Amino acid sequence: MSDPDFTFTIDGTTIPAKPGQTIMEAADAAGVYIPRLCDHEGLRHQGGCRVCTVKAGGRSVAACTQPAAPKLVVENETDHINKLRRDLVEMLFHEGNHLCPICEASGNCELQAMAYRLDMTGPTKFPYLEPCRAVDASHPDIALDTNRCISCSRCIRASQDVDHKGVFGYVGRGIHRRVAVNGSDLAHTDADITDHAISADVCPVGCIIRKGVGFATPIGEREFDHGLIGSDIEGKRRE
Amino acid sequence: MAEPRLIEISPVTRVEGHGKVTIHLNADNQVDEARLHIVEFRGFERFIRGRLLWEVPVIVQRLCGICPVSHHLAAAKAMDVICGVDALPPTAEKMRRLMHYGQVMQSHVLHFFHLAAPDLLFGFGAPAEKRNIFEVIKENPELGRRAIAMRKFGQDIIEATAGKKIHGTGAIPGGINRNLPIETRDRFLAVIDDMQVWAQDALALARGYTLEHDHLVAEFGSFPSNYMSIVREADGALDLYHGTMRALNSDGGTIFDKLDYTRYHEKLVEDVRSWSYMKFPFIKELGPEAGWYRVGPLARMNTASFIDTPLANAALDDLKAVTAGAPNNSTLANHWARMIEVLHCVEKIRDLLHDPDLQGTDLRATGVRREEGIGVIEAPRGNLIHHYKVDENDMVTYCNLIVSTTHNNEGMNRAVKDVAVKHLSGQERITEGMLNHIEVAIRAYDPCLSCATHALGQMPLQVEIFDAAGTLIDSRQQTSGQG
């Protein structure tokens, strides 16, 4: 006999949950948005970016990996937690070259959208590292600009677990860690996007881009032009 | 005998970008040399290399905050060629033209009312605190209101076609990313009659100033030169978006005509001088001394056979009558020419708004990739050339930009020297009002120094005066908003 459903609270709101659900899964179903960058529907949870950090029972945990538990008291949208999240996002900006004004992902970019949601309205307080990595445009259909990579590992998980190709992976350690491909360049991998491969589609920023479609979506019709990131989930609650 | 002096005007104000003027006075207080220096370096031609071709129209428009549409469209035209597209779908070309006419209109209105009008209304030597748009509005509230409303109209057109008033994304290689909804069209049609009347009134103001000050206009920074622009290939009509290149000498004689602009490098070369980041283009066959030329509104009035909108064409005939059809060499006549173009843009916008192609859905064409593309457009300040090479992986390997203000470099330097000699030579005491005369001459070209150096600009001007030994003896630095 399976364990019975239960409830817990996020910021005082009662959230129904099923056994095995993470805090984020239960929150999403209940229409409560917990910010996240590395988590993506259909990919295994990783808890890497820590933007989904919440206080659960007084401990800081990643909501995407932490299982919900009966009567758990979770803090999500507090000033303190959102400041920590904003610091994390600011550090992502300072690590890469996130030049929104000229980036084709602008308006569809989750990092940019998260910065807006977290009220990051100006330059970060951190120094910019300004990486200078060559763009890999050798593949006929996709290009890789790792200056914009936030090391979310979505492409790696999608390539390994969903596409079963292992095209993308990390090289280097610590601050030098970055996404690379299993060949001399993209052209020498099987990063084909003509099948059902999703690794090129899960990138939250403008790192992996489809060739020839940049800026084809008019301003005003892009994903985040009409609402904050997470408003789709929060909309469920209003319904 | 007085000591030799060096006067420095730094920065030059009410222009876009950052520049300075140096004036060398000898021991007799005579002007030996006067130069406009562009002191900022930007390097777009270099750092665009290695970027992807469809990013280019969006990146290079950041050269400028006043006429980004010009760079956006010139780059898009070049990328059309690279993507193998020789003819855009009608909706795409007309949406781009609409964007461009809105852009030229708002830029010209900004220059005439906000930047130049204080000089024209209050006098070149008026107190510095008087020479700004706020005093214009205080003096003539209705004129100020119209200036703001006309510029807004142009910017709204840009927003409707590019998504934003500044730095939008409308043009993409091979086409456009949107059409014009009926309700947006109707919003513009509701005010187009006002725009036409106000454009005609502005034209009358510029024309009246020019004719009432004919002696000043005739001598102030005026000199013969060659003129160059694109014109409509079939009949030589004014065409701000597309055409073939035409260059005339100061008598109206043809230097070249019907030149496919992809061959621009066969006719134009760029000279480099150690004291400026801005190059000096000239017509190759005439050499640097005789081959320099001017571009911009007055150059276009000189090169165009006619204008294909009736009100602007009548205004062109009126302008040409002053010189009996010969090219007009008066620097200050640029303001008159600029207002003719505003009227032309309003007429063109009206025609386009009535064209159902703007509601079409065929927005983008494709073709067979090429390695090289050149896009040329008539920007508000004159001819604009974008030239790119792209490798087989869609990455830019070469970029050459010749912008309007660069074309006018020699002309502006000659205007600076002409005015300096006439107004500063023999003067023991150099006043701020005298120095503003030099800025007025520069302003008449509506220069965009940011574009021309490919500078984060507040467009201030600096004037320096050196003695005969090259020692700086006086410097004037003016901040934005001051004279």
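The values are calculated or read from the model by the stated rules, or taken from the named source; none is laboratory data. The structure presented is a predicted model; accordingly, all values stated were derived computationally and were not measured. As a convention, Cβ positions derive from the backbone with ideal geometry for all residues, glycine included, and neighbour counts pool all protein chains shown. Ligands, DNA and RNA are excluded from the accessible area calculation, which covers all protein heavy atoms including side chains. Shrake-Rupley method; radii C 1.70, N 1.55, O 1.52, S 1.80 Å.
Data for the structure
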item: In order through segment B:307-314: 3J(HN,Hα) via Karplus (6.51 cos²θ - 1.76 cosθ + 1.60), integer Hz, x for Gly, Pro; result: 10, 8, 10, x, 5, 5, 5, 4
item: For A:205-217, mean number of other protein chain Cβ atoms within 10 Å; result: 4
item: Segment A:ASP5-A:ASP141, length gained on full extension (0.36 nm per residue, minus Cα span); result: 44.4 nm
item: Sequence-separation-based contact order of chain A, relative, with Cα cut under 8 Å and 6+ spacing, percent; result: 21
item: Computed E for B:ALA128/A:ASN82 - FRET, C-beta separation, R0 56 angstrom, nearest 0.05; result: 0.70
item: Label-point separation in nm, B:GLN30 to B:VAL191, each point 7 Å along Cα→Cβ; result: 5.5
item: Value of relative contact order over segment B:278-337, rounded to a whole percent, pairs C-alpha under 8 Å and six or more apart; result: 30
item: Average accessible surface area per residue within segment B:224-328, 1.4 Å rolling probe, Å²; result: 39
item: Distant-in-sequence amide H partners of B:ILE172 (H built 1.01 Å from N, under 5 Å); result: B:ASN177
item: Accessible area, probe 1.4 Å, largest first, for residues A:VAL213, B:VAL60; result: A:VAL213, B:VAL60
item: Length-normalised contact order for segment A:85-210 - Cα pairs under 8 Å, 6+ apart - percent; result: 28
item: Accessible carbon and sulfur surface of the protein assembly as shown relative to its total accessible area, %, 1.4 Å; result: 51
item: Solvent accessible area, Å² - A:SER184, 1.4 Å probe, full protein context; result: 100
item: Extension gain from A:ASP161 to A:HIS94, taking 0.36 nm per residue of separation minus the Cα-Cα distance; result: 21.1 nm
item: Environment charge at B:THR254 (Cβ cut-off 13 Å; Lys +1, Arg +1, Asp -1, Glu -1); result: 0
item: Distance between modelled label sites at B:GLU372 and A:ASP119, nm, 7 Å Cα→Cβ extension; result: 5.6
item: Inter-site label distance for B:ASP355 and B:LYS164 at 7 Å from Cα along Cβ, in nm; result: 2.7
item: Reach of A:LYS71 by Cα under 25 Å, taken over lysines that are not fewer than 8 positions away in the same chain; result: A:LYS18, A:LYS55, A:LYS236
item: Surface accessible to a 1.4 Å probe, B:ARG350 within the full protein complex, Å²; result: 60
item: Most to least packed among B:161-167, B:173-179 [average Cβ atoms within 10 Å]; result: B:173-179, B:161-167
item: Lysines with Cα under 16 Å of B:LYS20, excluding same-chain neighbours fewer than 8 positions away; result: B:LYS279, B:LYS417
item: List of segment A:91-115 residues, accessible area with partners at least 10 Å² below that of the chain alone (1.4 Å probe); result: A:PRO101, A:ILE102, A:GLU104
item: Sites B:GLU212 and B:ASP86 - FRET efficiency at Förster radius 45 Å, r taken between beta-carbons, to 0.05; result: 0.40
item: Probe 1.4 Å - accessible area at B:THR254, Å² to nearest ten; result: 90
item: Accessible heavy-atom area order of B:HIS72, B:HIS354, highest first, probe of 1.4 Å; result: B:HIS354, B:HIS72
item: Efficiency of FRET between A:HIS176 and B:ILE148 - r from beta-carbon atoms, R0 51 angstrom, step 0.05; result: 0.45
